[in-house]
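See structure below.
Every number here is computed from the coordinates shown, using simple stated rules; none is lab data. What you see is a predicted model, and the numbers here were worked out from it, not measured in a lab. With ideal geometry, Cβ positions are generated from the backbone for all residues, glycine too; neighbour counts draw on all protein chains shown.
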Amino acid sequence: MTNQFWYPLFLFPAIPLMMTTFGARWIALSALIRRTHDQILSENIQGKKRIRYLDELKILNKRIILVRLMQTFSAISFIFNLMTIFFGYLQFINLATLCFGIAVIIFTIAIITFIIEIQISVIALKKHLEDLESA
C-alpha cells in the first residue's frame, strides 16, 4: 500500500515544467499584444486592416484567458500533489490518495486547455498566412 506514494514523485517534476512552458507562452502573447497595440495606435490604421487587427486582438485575448487557466490549473494541481506527499508522509493513506487523484484530474484539465490554446494559435497563424497569400 505504501508503494503507491511513489506516484506523486512522477507528477512532481512534470507540473513545474508545464508551468514554465505556459509562462513562456504568456510572455510571447503579451509581447505580441503590445506590438499589435502599438502598431494600431502609431500607424493610425483604419478600415479593413484595423478590423483584421482587432480580430487578431480578440483571438489573442482568448489565448491569454486560456494560458491563465492553464497556469492556474497547474498551480492548483501542484498544491494537491504536494498535499499528497504530505499526507502520505503522515500516513493518511485515504486522504493522500484522494489528493493525488484530484491533482491528476486538474493537471489533465490544464493539458486539455493547453491543447485548445494550441488549436486557437494555429487558427491565428493561418490568418497570417492568408494575409501573405493575398498580398
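Tabulated values for the structure
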quantity	calculated
Linear extension gain, ILE79 paired with GLN119, 0.36 nm per residue minus alpha-carbon span	11.6 nm
Residues of type aspartates and glutamates that LYS58 reaches as a straight line, Cα spacing below 19 Å, ignoring anything fewer than 8 places off in the same chain	ASP38, GLU117, GLU130, ASP131
Extended-chain gain in nm, criterion 0.36 nm per residue less alpha-carbon gap, THR72 and ILE111	12.9 nm
For the chain: relative contact order, % (alpha-carbon pairs under 8 angstrom, 6 or more apart)	30 percent
Within segment 12-134: Cβ-based charge dipole about Cα centre, in debye rounded to nearest 20 (Lys, Arg +1; Asp, Glu -1)	260 debye
Peptides 66-78, 119-131 ordered by average Cβ neighbours within 10 Å, highest first	66-78, 119-131
Point-to-point label distance, GLN46-GLN91, nm (Cα→Cβ direction, 7 Å offset)	7.8 nm
Point-to-point label distance, LEU17-ASP38, nm (Cα→Cβ direction, 7 Å offset)	3.5 nm
Protection proxy ranking of 48-61, 18-31 - average other beta-carbon atoms within 10 Å, highest first	18-31, 48-61
Structure-derived Cα extents along the principal axes in Å - corresponding label in (i) 66, 25, 17; (ii) 70, 33, 24; (iii) 39, 38, 29	(i)
Rg in Å to one decimal, and Dmax rounded to a whole Å, for segment 55-108 via C-alpha atoms	15.6, 54
